[in-house]
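Taking it in order: structure first as structure tokens, then the write-up.
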């Protein structure tokens with residue numbers, strides 16, 4: 001979705017300006033990230049529960065960081081490749097591919113270990129289970145037989 005949107009923008013509004021390419025990248029990346037969120041949620045991580053506010057906040061934070069990271073790489077690659085590639089569409093795509101390679105690893109890592117982390121799901125389930133079933137205190141049982149045997153042994157050692 002990301003590359004598709006970038007190519008639509010490059011095809012419709014040609015540019016050789018790195019800053020415009022960065023704006024196009026921001027729009028394209030956001031479209032791709034929203035699609036990725038739902039594909040990861042329902043397909044990759046099979047997270048069927050309702051989307052929580054916490055997930056939305058985390059996703060938004062991660063998206064902002066990823067856009068900054070991606071835009072930085074697009075800008076650097078765009079500056080480096082601009083003298084080498086005259087075609088704006090090819091130049092934009094080459095710059096984007098550099099950013100995609102690094103961003104894919106970063107995005108998956110954040111989603112797997114922070115947004116859809118299993119620990120937060122398990123902790124929530126454990127809290128629900130504890131709230132639903134609070135065990136009754138177990139009464140302490142003392143054994144008169146044990147006490148009798150202990151006292152008998154003491155008496156034998158004193159007498160014997």
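Just so it is clear, none of the values below were taken in a lab; they were calculated from the coordinates. Only a predicted model underlies this, so the values are computations on that prediction, with no experimental measurement involved. Reconstructed Cβ throughout: ideal geometry from the backbone, glycine too, with neighbour counts over all protein chains shown.
Can you list the residues of the range 25-45 with backbone N under 18 Å from a point 7 Å past the Cα of residue 12, pointing along Cα to Cβ? 25-35, by backbone N distance to the label point. Note on the range 1-41: the alpha carbon radius of gyration divided by the globular reference 2.2 N^0.38 Å gives 1.23.
Packing-based ranking of 38-45, 64-71 yields 64-71, 38-45, ordered from highest to lowest mean Cβ neighbour count within 10 Å.
Taking the number of Cβ atoms within 10 Å of each Cβ as an exposure proxy, the fewest-first ranking of 46, 112 is 46, 112. Each residue in 74, 23 was given a count of other beta-carbon atoms within 10 angstrom of its own, and listing them fewest first yields 23, 74.
With all pairs of different C-alpha atoms in the average, the Kirkwood value for the hydrodynamic radius of the range 2-119 is 14.9 Å.
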